[in-house]
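Reviewing the structure listed below.
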Amino acid sequence: MTIAFLDVQPPPAPALGDGWTLRALVDAGHGVHAYAVAPRGGGTPVELRLYRVQRHPLRACYPYGAYDIAIGLVLVQDAQNMAGRLLNDLVPALFAADPHCRRVVAAPAEDDTATQAAFEAGGFRRVAEADLPNGSVVLFTAEPSWLADLPTALDDMPH
């Protein structure tokens with residue numbers, strides 16, 4: 001049995017604004033877009049990878065939407081604070097570039113506390129732990145305010 005993926009375009013390149021330089025890296029294939037991102041004016045770049053969740057092992061962790069985007073970060077030493085600032089700018093840029101996207105997710109390794117701290121500093125919410133083929137991860141999410149602010153209490157649901 002084969003699983004057919006919807007023919008969804010890869011994630012768009014985010015428009016980060018004047019505070020950042022974004023340089024595309026060699027296409028990693030399979031719908032992955034990789035970038036070297038650094039603060040304008042200098043600084044150590046981080047590697048940013050953008051995927052559609054349906055083409056990432058995270059698809060087994062939650063009921064994803066067809067346009068959800070997964071982020072991967074490769075941090076170098078002392079880049080954690082800069083990565084948090086990057087994520088604070090990146091997430092709104094991704095939602096603006098792709099209005100169909102309802103969730104941006106990340107899954108750093110369970111033992112990668114520096115990257116987890118960067119996602120928390122970048123406004124991501126820690127959701128759960130999961131086991132993927134490459135190891136255990138911590139699932140983080142960011143959602144646009146129109147979705148995150150929807151009530152979920154049963155009393156608030158229309159009857």
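The values are calculated or read from the model by the stated rules, or taken from the named source; none is laboratory data. Predicted model only: the values in this text are computed from it and were never measured. Cβ: placed from backbone, ideal geometry, glycine included. Neighbour counts: every protein chain shown. Note: accessible area is taken over every heavy atom of the protein model, side chains too, but ligands, DNA and RNA are not part of it. Shrake-Rupley method; radii C 1.70, N 1.55, O 1.52, S 1.80 Å.
Annotations for the structure displayed:
- Some residue of segment 64-72 being in contact with a helix residue (DSSP H, G or I) (Cβ under 6 Å, 6 or more places away or on another chain), among the hydrophobic types (A, V, I, L, M, F, W, C) and farther than 19 Å from Gly31 by Cα: no
- Of all residues in segment 102-124 being farther than 14 Å from His56 by Cβ and in contact with an Asp or Glu (Cβ under 8 Å, 6 or more places away or on another chain), the one that is modelled with the lowest pLDDT: Arg102
- Subset tally (residues that are open to solvent by 10 Å² or more (accessible area, probe 1.4 Å) and in contact with a Pro (Cβ under 8 Å, 6 or more places away or on another chain)) for segment 48-75: 4
- Flag if Ala130 is at pLDDT 85 or above, of a type in the set (Gly, Ala, Ser) and assigned to a helix (DSSP H, G or I): no
- So Ala114, is it aliphatic (A, V, I, L, M) and closer than 15 Å to Gly84 by Cα: yes
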